[in-house]
Structures are given as structure tokens and as C-alpha cells.
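**Q** Have a look at this one before I ask anything.
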């Protein structure tokens, strides 16, 4: 097998994930191979419960595979120390989930700044970046609102802006429209595709919506724990 291409942000080779429930082994992922080229959109589709989110968590270093390897820019994650893995997770990978995970006591602006505030950065030093991102996702006039004052679509836009704060190499999104009505979901999809087209943001989108997956540059579907390249 050829060496991993450092031009790819992420590469999964032979990924397996098995959970053990007493005497029973539940094989979620079986020999999954996926490549995420820089500047592209990869969609991962499949019905609920097939392991899409598990795969995304493995790609984002939130979980470890039972077998196989994940490479970040051509380097095997399994050979990295904990400090380097944490740096990649915090600096180079952005996460957007179905449920927004915003902190309710903070404003939209503060939530977007949170990746920097958690590292003891001053509000003054990161305010400009947060304002720029909220403007980019269409929330210029909602910066001082707290999550409880925002619609679901607006909260997801805040979550996307937060994921972009550190200029990550890749943004991993897990059913980003799954908690939204159809119209608002379409707006979020257009936002994500515009970010890729205009700012070259590399995206992985996990979705059960095949019409959304079909728009991506690359499309992989998961069935029975195995990945099939659709395009």
C-alpha cells in the first residue's frame, strides 16, 4: 500500500470499531477506507445506527479505532503523543454537531470566542475574529444575544462560527441540519457549501440525506459497517 499523501487532511485505512457487551461483540465499522482531500467536501451517508458518528469521532480523535489507522496530513495519529493529538484536536479540527452545545449563559460572540477564552486569551485579542465570523455566517446583528434568544438555525450558525475560530484544517459536521426544519436546514447547507467555495474550508458532512450527500465533491455511504465510495 502506498504511503499516505500529506496533501490529504485526513485518511482512514482499514478502520474497524467493535464494542463488547458482555460475551457479545458488536462490530460497528469493518475495514473502512476514506480520504479527505484539502479544500474539498466529503459526505458520509447511511441510515441511523450504521456507525457514521462513530467514524466521525474516530476521524476527529474523539475515539480510537479497534483496528486500522487514521492519518493526519500523512502522519499516523497512533504514533503521536497525547499532547500533539490534543493540539490537532483543538487547533486543526473544528466540530459541528446536531445539537449545538452552546453555553447558555454566554452571548453568541462569547460562544464563538470560547476556544480562545478557554486558553486564557483576552477578550480584546479575539473579539475581532469572532465578530468577523459571526458576520460571515449572517449573524452580524445577533452577536449580543444568548442562545435562548436565538432560533435553532441561528444557534447552528454560532456553532459553525465557533468551529471556524482557529482556522482549522478540516471541519467535521455530524448531521448539522438534523435538528432543524427543512427550510432552515437548507440555509445551513448553503452556508457550509459557500464556506467551502469562498474560503476553501475542508468539510466532512455526516448525513442521512442523500440529496445533500450527492452535492459533495466526494460521497461515501456506510452499510453493514462497510464504506462504499459513491463518488
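**Q** Tell me the helices (runs of 4 or more DSSP H) entirely within region 133-227 that contain at least 2 residues that are closer than 28 Å to residue 16 by Cα and in contact with a strand residue (DSSP E or B) (Cβ under 8 Å, 6 or more places away or on another chain).
**A** Of the helices (runs of 4 or more DSSP H) lying wholly inside region 133-227, those with at least 2 residues that are closer than 28 Å to residue 16 by Cα and in contact with a strand residue (DSSP E or B) (Cβ under 8 Å, 6 or more places away or on another chain) span 210-213.
**Q** Give the residue that is farthest from residue 196 (Cα to Cα), with candidates limited to residues of region 122-135 that are modelled with pLDDT of 90 or more and surrounded by fewer than 20 Cβ atoms within 10 Å (Cβ to Cβ).
**A** Filtering first and then ranking leaves 127.
**Q** In addition: I'd like the full set of residues that are under 15 Å from residue 171 (Cα atoms) and in a strand (DSSP E or B), limited to region 33-59.
**A** Residues satisfying the conditions are 35, 36, 37, 41, 42, 43, 44.
**Q** List the residue pairs whose Cβ atoms are under 6 Å apart, where the first residue sits in region 200-225 and is more than 19 Å from residue 55 (Cα to Cα), the second is assigned to a helix (DSSP H, G or I), and the two are 6 or more positions apart or on different chains.
**A** Qualifying pairs under 6 Å: 201/195.
**Q** Considering (1) within 23 Å of residue 105 (Cβ to Cβ); (2) crowded, with 18+ Cβ neighbours inside 10 Å, say which one residue 151 fails and leave the rest.
**A** Going through (1) within 23 Å of residue 105 (Cβ to Cβ); (2) crowded, with 18+ Cβ neighbours inside 10 Å one by one, residue 151 breaks only (2).
**Q** In this structure, is residue 65 part of a loop (DSSP other than H, G, I, E, B) and over 20 Å from the mean Cα position of the chain (by Cα)?
**A** no
**Q** Out of the residues in region 40-65 meeting the condition of being loosely packed, with under 15 Cβ neighbours inside 10 Å and touching a residue at least 24 places away in the same chain (Cβ under 8 Å), tell me which one is nearest to residue 98 (Cα to Cα).
**A** The first filter runs over region 40-65 and keeps only residues loosely packed, with under 15 Cβ neighbours inside 10 Å, leaving 47-49, 62-64.
The next check asks that each one be touching a residue at least 24 places away in the same chain (Cβ under 8 Å); those that pass are 47-48, 62-63.
Working: 47: 15, 48: 13, 62: 16, 63: 18 Å.
Here the residue is 48.
**Q** While we're on this one: Hey, residue 138 hits all of (1) more than 21 Å from residue 186 (Cβ to Cβ); (2) surrounded by fewer than 17 Cβ atoms within 10 Å (Cβ to Cβ) but one; which does it fall short on?
**A** Among (1) more than 21 Å from residue 186 (Cβ to Cβ); (2) surrounded by fewer than 17 Cβ atoms within 10 Å (Cβ to Cβ), residue 138 violates only (1).
**Q** What number of residues within region 86-132 satisfy the criterion of being in a loop (DSSP other than H, G, I, E, B) and more than 19 Å from residue 151 (Cα to Cα)?
**A** Going residue by residue through region 86-132, those that are in a loop (DSSP other than H, G, I, E, B) are 97-107, 118-122.
Restricting the remaining residues to those that are more than 19 Å from residue 151 (Cα to Cα) gives 118-122.
Total meeting the criteria: 5.
**Q** Here is a follow-up. Looking at region 7-14, can you tell me whether even one residue there is over 21 Å from residue 167 (Cα atoms), touching a strand residue (DSSP E or B) at 6+ places or on another chain (Cβ under 8 Å) and surrounded by fewer than 17 Cβ atoms within 10 Å (Cβ to Cβ)? Reasoning before the result, please.
**A** Quick first cut of region 7-14, residues over 21 Å from residue 167 (Cα atoms) only: 12-14.
After this cut, where a residue has to be touching a strand residue (DSSP E or B) at 6+ places or on another chain (Cβ under 8 Å) as well, the list is 12-14.
Next, only the ones that are surrounded by fewer than 17 Cβ atoms within 10 Å (Cβ to Cβ) stay: 14.
There is at least one residue in region 7-14 that is over 21 Å from residue 167 (Cα atoms), touching a strand residue (DSSP E or B) at 6+ places or on another chain (Cβ under 8 Å) and surrounded by fewer than 17 Cβ atoms within 10 Å (Cβ to Cβ).
The values are calculated or read from the model by the stated rules, or taken from the named source; none is laboratory data. This one's a predicted model, so the numbers in the text were calculated from it and none came from an experiment. Ideal geometry is used to build each Cβ from the backbone, glycine not excepted, and the neighbour counts take in all protein chains shown.
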